[in-house]
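Notes to accompany the following structure.
The values are calculated or read from the model by the stated rules, or taken from the named source; none is laboratory data. Source: prediction; values computed, not measured. Every residue, glycine as well, gets a Cβ built from its backbone with ideal geometry; the counts of neighbours run over all protein chains shown.
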Amino acid sequence: MKIPVVKQILTGNDQIAAENEQTFRENGVFALNLMAAPGAGKTTFILATIDHLPADVRPAVIEGDLASTIDADTISQRGVPVIQINTGGGCHLDAPMVRNSLPHFALSDIDLLFIENVGNLVCPSNFKLGTALSVVVSSTAEGHDKPYKYPGIFATADVVILTKADILEVFEFDREYFERGLKAVNQHAPLFVVSGRTGAGIDAWVAWLLDRRRGYTAAI
Amino acid sequence: MHELPVTQGILTVALETAEQYGGYRITAINLVIGDMTSIVDDSVQFYFDALSQGTAAEGAKLHFRREAAAAKCLECGHEYPVTPPLNPFCPQCDSAFLQISGGKEFFIESIEVDDENTGG
Ligand SMILES: Nc1nc2c(ncn2[C@@H]2O[C@H](COP(=O)(O)OP(=O)(O)O)[C@@H](O)[C@H]2O)c(=O)[nH]1
Ligand SMILES: [Mg+2]
Ligand SMILES: [Zn+2]
């Protein structure tokens, strides 16, 4: 006998993601899921973003990438609340991991929550976390063919960050080629070209981010 | 690697469904997986064989229906199926202006159960 199946494969994860989303909403927390290859520059980009925030916007970080060269200590030294999630070798964060980390924060004191996913371009996009924004970070050092090689994750992005712009020439990075690939798989996500190291381009990104956050809080 | 939790999800949903329909043993699971999801059939089958041991789905065969993504050339209008890595140029007119959609399917379409024998 053949039985049609209605319930879906990641229902368990998606339900908890919806709970997280609700928790974020209740506390006015605008959460970002940052996905990238290992070493792309996620942590550096998060720190640069935090440095460019106005004083009245309070950030926090969930660090899911153990392989990072910059660890949770660096973030916490800046007085930013940070929780390190140990994924036990897993290749992505999932909604239960995020949920379990939330009690460690004073959520009502947080405006922006940066969730640095495990460095991986293949699977994190299948696992919703309950965030308001999916951010895919790519770097000039990784080459301009990333959207062609990993179209799946670029297609799910709400916004794409191309970082390490300061070394774009060194890697003979063809920005137009990258942008065409991105546009082919995702017609909606804006692209910000930045350098986490020099801070170039971060202001424009922060302005856009805060604008999105205003839209989010206005709708609560 | 991400196939492990995905496969756990497949097994859980399949077992729950079989349970609801009278607790029959599962003989097959029919999956639909888009090429943009980067889920590898062999890995899913591998994890499934391990995870399903001792359950009502032990020995079940996984059938994969792969769905390609669709490319459309914005210059000549040519439409054709694609799988990653994407070719950056239209095979018909060499244009680099393409639009890719679909290939994101990822679900269990149905399960097949042995309704002659109950148990698990
Ligand atoms: N030149 C340059 N190097 C960067 C930039 N951002 C990060 N890096 C370097 O790239 C390496 C990985 O950065 P990190 O932020 O830890 O990457 P993550 O693994 O994605 O979190 C470190 O050596 C950083 O100093 C950038 O904008 N420009
Ligand atoms: Mg990092
Ligand atoms: Zn064409």
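In the set (1) closer than 19 Å to B:I29 by Cβ; (2) in contact (Cβ under 8 Å) with a residue 12 or more places away in the chain, the condition left unmet by B:C76 is number (1). The set of residues in the stretch A:195-209 that are in a helix (DSSP H, G or I) and either closer than 14 Å to A:I46 by Cα or at pLDDT below 95 (or both) comprises A:I202, A:D203, A:W205, A:V206, A:L209. Does B:A50 qualify as being under 27 Å from A:C91 (Cα atoms), surrounded by fewer than 14 Cβ atoms within 10 Å (Cβ to Cβ) and among the aliphatic types (A, V, I, L, M)? It is true that B:A50 is under 27 Å from A:C91 (Cα atoms), surrounded by fewer than 14 Cβ atoms within 10 Å (Cβ to Cβ) and among the aliphatic types (A, V, I, L, M). Among residues that are more than 26 Å from B:S38 (Cβ to Cβ), of a type in the set (D, E, K, R) and in contact (Cβ under 8 Å) with a residue 24 or more places away in the chain, A:R78 is included. Which one is farthest from ligand 2 (Cβ to nearest atom) among residues in the stretch A:47-63 that are part of a strand (DSSP E or B) and of a type in the set (A, V, I, L, M)? So, considering only residues that are part of a strand (DSSP E or B) and of a type in the set (A, V, I, L, M), the one farthest from ligand 2 (Cβ to nearest atom) is A:A60. Going through the stretch B:18-36 one residue at a time, which ones are facing another protein chain (nearest Cβ under 10 Å), surrounded by fewer than 21 Cβ atoms within 10 Å (Cβ to Cβ) and touching a strand residue (DSSP E or B) at 6+ places or on another chain (Cβ under 8 Å)? Once the filter is applied, which keeps residues that are facing another protein chain (nearest Cβ under 10 Å), surrounded by fewer than 21 Cβ atoms within 10 Å (Cβ to Cβ) and touching a strand residue (DSSP E or B) at 6+ places or on another chain (Cβ under 8 Å), the stretch B:18-36 yields B:Y21, B:G22, B:T27, B:A28, B:N30, B:G34, B:D35. Residues of the stretch B:65-107 that are of a type outside the set (A, V, I, L, M), touching a helix residue (DSSP H, G or I) at 6+ places or on another chain (Cβ under 7 Å) and more than 17 Å from A:Y177 (Cβ to Cβ): B:R66, B:E67, B:T83, B:G103, B:K104, B:F106. Does the stretch B:72-89 include one or more residues that are of a type in the set (D, E, K, R), within 11 Å of chain A (Cβ to nearest Cβ) and surrounded by 16 or more Cβ atoms within 10 Å (Cβ to Cβ)? So far as the stretch B:72-89 goes, yes, one or more of its residues are of a type in the set (D, E, K, R), within 11 Å of chain A (Cβ to nearest Cβ) and surrounded by 16 or more Cβ atoms within 10 Å (Cβ to Cβ). When B:A56 is tested against the conditions (1) loosely packed, with under 15 Cβ neighbours inside 10 Å; (2) in the same structural domain as B:T7 (by TED's automatic domain parsing); (3) not basic (K, R), the lone failure is (1). With respect to the conditions (1) surrounded by 14 or more Cβ atoms within 10 Å (Cβ to Cβ); (2) away from every other protein chain (no Cβ under 12 Å), B:S95 falls short on a single one, namely (2). Under the condition of being farther than 25 Å from A:K146 by Cβ and among the hydroxyl-bearing types (S, T, Y), the residues counted in the stretch A:38-81 number 2.
Here A:L34 meets the list (1) away from every other protein chain (no Cβ under 14 Å); (2) free of Cβ contacts under 8 Å to residues at least 24 places away in the same chain; (3) assigned to a strand (DSSP E or B) almost entirely, failing just condition (2). Within the stretch A:42-96, if we keep just the residues that are acidic (D, E) and away from ligand 1 (no atom under 11 Å from the Cβ), the residue that is surrounded by the fewest Cβ atoms within 10 Å (Cβ to Cβ) turns out to be A:D56. Tell me, please, whether a residue that is within 14 Å of chain B (Cβ to nearest Cβ) and either among the aliphatic types (A, V, I, L, M) or closer than 30 Å to A:F171 by Cα (or both) can be found in the stretch A:14-29. There is at least one residue in the stretch A:14-29 that is within 14 Å of chain B (Cβ to nearest Cβ) and either among the aliphatic types (A, V, I, L, M) or closer than 30 Å to A:F171 by Cα (or both). The stretch A:71-151 holds helices (runs of 4 or more DSSP H) entirely within its bounds, and those carrying 3 or more residues that are away from chain B (no Cβ under 14 Å), out of contact with any Pro (no Cβ under 7 Å at 6 or more places or on another chain) and at pLDDT 95 or above map to A:95-101. For the stretch A:152-174, the tally of residues that are assigned to a helix (DSSP H, G or I) and within 15 Å of ligand 1 (Cβ to nearest atom) stands at 4.
Here A:S134 meets the list (1) surrounded by 23 or more Cβ atoms within 10 Å (Cβ to Cβ); (2) within 14 Å of the chain's Cα centre (by Cα) almost entirely, failing just condition (1).
I need the full set of residues from the stretch A:154-181 which are under 17 Å from the mean Cα position of the chain (by Cα) and farther than 16 Å from A:I202 by Cβ, in order please. Once the filter is applied, which keeps residues that are under 17 Å from the mean Cα position of the chain (by Cα) and farther than 16 Å from A:I202 by Cβ, the stretch A:154-181 yields A:F154, A:A155, A:T156, A:A157, A:D158.
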